[in-house]
Structures are given as structure tokens and as C-alpha cells.
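Some notes on the structure that comes next.
Where a number appears in this text, it was derived from the coordinates with a stated rule and is not lab data. Values in this document were obtained by computation on a predicted structure and should not be read as measured data. Positions of Cβ are generated from backbone atoms using ideal geometry, with glycine treated the same way; all protein chains shown enter the neighbour counts.
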Amino acid sequence: MDWLKAHKNDTILIAVLLILGGALALFLLLTRQTGGTARVQVDGETVMELPLGRDAQVELGEDGHANLLVIENGTAQVTRAVKAVTTKPVYIKLSPNVTDIVPIARACEEAGADGLSLINTLLGMRIDLRSRKPVIANRMGGYSGEGIFPVALRMVYQVYKAVKIPLIGMGGVKSAEDVIEMMLAGASAVQVGTMNLIDPWACEKIIGDLPRVMEQYQIRSLSEIIGGAHHG
Ligand SMILES: Cc1cc2nc3c(=O)[nH]c(=O)nc-3n(C[C@H](O)[C@H](O)[C@H](O)COP(=O)(O)O)c2cc1C
């Protein structure tokens, strides 16, 4: 926090509100108990209040996760609530665990989202052959990393066609080539998650590799290739 305060003029801070998953159940419980308002605090200071209301729609999945952002009404409701209490740009992060991500993306845009980031983890599971039981206590959990890249790319491609707001693409990105592919699908910016856990220098390497890979594919500027796979 001290570091952030010292660098507040030369750093872009993106705050992430965790509203999918177990935290959402707690969040909605608090919302109901505080008369329909949830407060987000950073370093003891209230930075945001979300008047979601007592009637916030929520569905509890089999894994115990509270899914609000997987239904159009829920997404629009969260987007409007956040937009009503901040002048900062609001990007809504989308779950891939849906039948069709496009109407949900459109609902966010119509409710005033400034951009979208996608995708979150895919719900997955493994079973231990010896115990014949799920390997994680929660039975199911978020699946991320290299294996989800084609799914993430497909969703970024679909959503780019459906909305006008910018997209941050993520899901299995591990190389400069993947960054370029994500941008061709429609991402204006790209995030790297799991790869950092495998190699803490992954981002530095990807950024370092980009000029060489751009040259290899005759790309003069990254902004020129956003959505490039949709043309022609
Ligand atoms: C250990 C771990 C923790 C995560 N925590 C969050 C989180 O708190 N909020 C969130 O929106 N996404 C969270 N994610 C999802 C990632 O931000 C990302 O959307 C997803 O993992 C796909 O990208 P990746 O394959 O590059 O990791 C988490 C992922 C992992 C692996």
C-alpha cells in the first residue's frame, strides 16, 4: 500500500472486485445484511459502495460457487451498480462457463461497461484413481493455463464481433505469438495469469520477445492488428 501511495502518479492501478465464486456469496450476504449496500474497503478506507439491493439475483452452482455473472440480468445489475458509484473505467470480467458468452457481453455493454476482460477459469475437475474421489476438496475448481487458450481465443473472437467496447484477452497466454493471436482475435490488451506461476519471468520474456515476433510476421504496430482476423 505504501508503494502504491508513493507511485500513485506514475502507475495505473486496476482494482479487481472479486464477484464470481465463493466471495460473491459472502458479498451478497453482506449486501443483504447492510440494507442492500456492499462496501469495498482498501486500507480501511471505503472506496466503493455497491447498492445491489436485496433482490440481487444469484444462483448457487453444484460446486458451491455463487454465479451472478453467468446470467444476463446479473451481469447487467453488477455493471450498473458499479458504474453508479465510480467515475473510473469499469471492465467486467466474463466467465467462460456459460452456454453463450455473446448475450452476456452485450448485456454488460448495454449496462455501461467501459470494457470487458475475458476469460476467467473454466470449471474443471480430476478424480484420484486410488481413492476414486475428486482430487480437490471442493470437487470442482478453476482450470487455467495453456490448455484453455483455444477456448479463450474463440470467446474473444466471438465477443469482438458483438460489442464495440475494448477487450482485454486472457486465458492460457504463454508467448509473444499467443499475444499476437489474442490481438488478432480482437483483444486490445492481453493478460498473463497462470504462466507467471510456472515462470515468474514469463511476462518479461513475452515483452522481450514481442519485437522479434512482430518483425517475423511483418507487424509494424500492435494497435494495427487488433481484430485483424475478422477482416477479409
Ligand atoms: C491461482 C489463480 C487465482 C485466480 N484468482 C482470480 C481472481 O481472484 N479474480 C479473477 O477475476 N480471476 C482469477 N483467476 C483467473 C485468472 O485471472 C485468469 O482469468 C484465468 O486463470 C485465465 O488466464 P491464465 O490461463 O493466463 O491464468 C485466478 C487464476 C488462478 C490460476
Quick one: grab Rg to one decimal and Dmax as a whole number for the range 62-219, Cα atoms only, in Å.
17.2, 54
Given the Cα-Cα distance of Arg126 and Ala229 and 0.36 nm per residue of separation, how much length would full extension add, in nm?
33.6 nm
Inter-site label distance for Lys164 and Asp209 at 7 Å from Cα along Cβ, in nm:
3.6
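Please arrange Met195, Met155, Met140 by counting, for each residue, the other beta carbons lying within 10 Å of its beta carbon, fewest first.
Exposure proxy ranking, most exposed first: Met140, Met195, Met155.
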Determine, for each peptide in 124-137, 160-173, 197-210, the mean count of other beta carbons within 10 angstrom over its residues, then list the peptides with the highest first.
160-173, 197-210, 124-137
Ordering of 141-154, 175-188 by burial proxy (mean other Cβ atoms within 10 Å per residue, highest first):
175-188, 141-154
Please work out the FRET efficiency for the pair Ala6 and Glu177, using the Cβ-Cβ distance as r and a Förster radius of 35 Å; give the result to the nearest 0.05.
0.45
